Amino acid sequence: MATERTLSIIKPDATKRNLTGKINAKFEDAGLRIVAQKRIQLTQDQAGKFYAVHAERPFFGELTEFMASGPVVVQVLEGEGAIAKNREVMGATNPADAAPGTIRAEFAESVGENSVHGSDAPDTAKEEIAFFFSGLELVG
Ligand code: RTP
Ligand code: MG
């Protein structure tokens, strides 16, 4: 399997509870390397642009309001099959369905406030990394 990069976000529910280090340890323990990382505050408009694919979904307003409700940590994870590996470490969207030991099983508060985001495919990973990072900020 090829070395990949994926975009990860530690969401406001997790930064508020000071869980950045515990979540990063899960990524590193799974063999993912954090090759870029920054803590930022999104506006609701920026969150809407990032999650534009969900614009017609009933939870869109709730989602963008939540993503702008506090700081997020945006990061690029690198490793063998990083996109799938990251989603495995994250667990299912709804923490009630997430496998034991996954980030969402351990930390998520609800299906909306579920602690982390991860890109779902190579094309979206590329777009989402470019949304937050310039090439100069990516240090393999
Ligand atoms: P993400 O994009 O954040 O990595 O999560 P995902 O692929 O597991 O889930 P997705 O279907 O892409 O949904 C994006 C985010 O929207 C919120 N959501 N709320 N209230 C609801 O029913 C609901 N469904 C989804 C979650 O924050 C989810 O991660
Ligand atoms: Mg998604």
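At a 1.4 Å probe radius, carbon and sulfur cover how many percent of the accessible area of the chain? Please report the intermediate quantities before stating the final value.
Details: 3710 of 7220 Å².
That share works out to 51 percent.
Just check the stretch 35-98 against the gyration tensor rule for me: Cα atoms, a ≥ b ≥ c as the square roots of the eigenvalues, rounded for a/c under 1.5, and otherwise prolate or oblate depending on whether a/b exceeds b/c. Display every interim value, and only then the final one.
Details: a/c = 2.02, a/b = 1.30, b/c = 1.55.
Oblate is the answer for the stretch 35-98, as a/c is 1.5 or above yet b/c matches or exceeds a/b.
Would you look at the GNM of the chain, springs on alpha carbons closer than 10 Å, and say which of 30, 68, 52 moves the most?
In this elastic network of the chain, the residue with the biggest mean-square fluctuation among 30, 68, 52 is 52.
With a sphere of radius 15 Å drawn around the Cβ of residue 22, what net charge do the other residues whose Cβ falls strictly inside it have (Lys, Arg +1; Asp, Glu -1)? Present the calculation step by step, with values, prior to reporting the outcome.
On the way: positive: 11, 16, 17, 26, 104; negative: 13, 28, 29, 106, 109.
With Lys, Arg at +1 and Asp, Glu at -1, the neighbours total 0.
Residue 28 accessible area, nearest 10 Å², 1.4 Å probe?
110
Using a Cα-Cα cut-off of under 18 Å, which aspartates and glutamates could be cross-linked to residue 85, ignoring same-chain neighbours fewer than 8 residues away?
Hits, sequence-local ones excluded: 4, 28, 29, 97, 106, 120, 123, 128.
Per DSSP H run of n ≥ 4, the term is -39500 (n - 2.57); total these for the chain, divide by its residue number, and report the mean residue ellipticity at 222 nm rounded to 500 deg cm²/dmol. Each step should come with its number before you reach the end.
On the way: 7 runs with 55 residues, N = 140.
Result for the chain, helices only: -10500 deg cm²/dmol.
Once each part is reduced to its C-alpha centroid, what is the distance from the stretch 83-125 to the stretch 18-55 in angstrom?
Result: 11 Å between the Cα centres.
What FRET efficiency would be calculated for the residue pair residue 109, residue 46, taking the C-beta separation as r and a Förster radius of 25 Å, to the nearest 0.05? Mind showing how you got there, number by number?
Values: r = 22 Å, r/R0 = 0.90.
Given R0 = 25 Å and the Cβ-Cβ separation, E is 0.65.
Counting heavy atoms of the protein chains only and a 1.4 Å probe, report the per residue accessible area for the stretch 59-140 as a whole number of Å². Each step should come with its number before you reach the end.
Values: 3830 Å² over 82 residues.
Using a 1.4 Å probe on heavy atoms only, each residue of the stretch 59-140 averages 47 Å².
Label point 7 Å out from residue 127 along Cα-to-Cβ: which residues of the stretch 70-87 have amide N under 15 Å?
none
Return the long-range amide H neighbours of residue 115 (sequence gap of 5 or more, or a different chain), with a cut-off of under 5 Å between placed amide H atoms.
Long-range HN contacts for residue 115: 11, 13, 14, 109.
Which ³J(HN,Hα) values, rounded to whole Hz and listed in residue order, are derived for the stretch 126-140 from phi using the Karplus coefficients 6.51, -1.76 and 1.60 in 6.51 cos²θ - 1.76 cosθ + 1.60 with θ = phi - 60°, glycine and proline given as x?
Each residue of the stretch 126-140 in turn: 4, 4, 6, 5, 5, 5, 10, 10, 8, x, 5, 8, 9, 10, x Hz.
Note down the relative contact order for the stretch 14-140 as a percent, whole number, built from C-alpha pairs under 8 angstrom at least six residues apart. Present the calculation step by step, with values, prior to reporting the outcome.
Working: 157 pairs, mean separation 34.0, N = 127.
The normalised contact order for the stretch 14-140 reaches 27 percent.
In whole Hz, with x marking every Gly and Pro, tabulate ³J(HN,Hα) for the stretch 14-28 from phi via Karplus 6.51 cos²θ - 1.76 cosθ + 1.60, θ = phi - 60°.
7, 5, 4, 8, 6, 9, 4, x, 5, 5, 4, 4, 4, 4, 5
Any chance you could look up the accessible area of residue 90 with a 1.4 Å probe, heavy atoms only, rounded to 10 Å²?
The value for residue 90 is about 0 Å².
The values are calculated or read from the model by the stated rules, or taken from the named source; none is laboratory data. Since the structure is predicted, the reported quantities are computational estimates derived from the model, not experimental observations. Cβ: placed from backbone, ideal geometry, glycine included. Neighbour counts: every protein chain shown. SASA here: full protein model, heavy atoms, side chains in, ligands and nucleic acids out. Shrake-Rupley method; radii C 1.70, N 1.55, O 1.52, S 1.80 Å.
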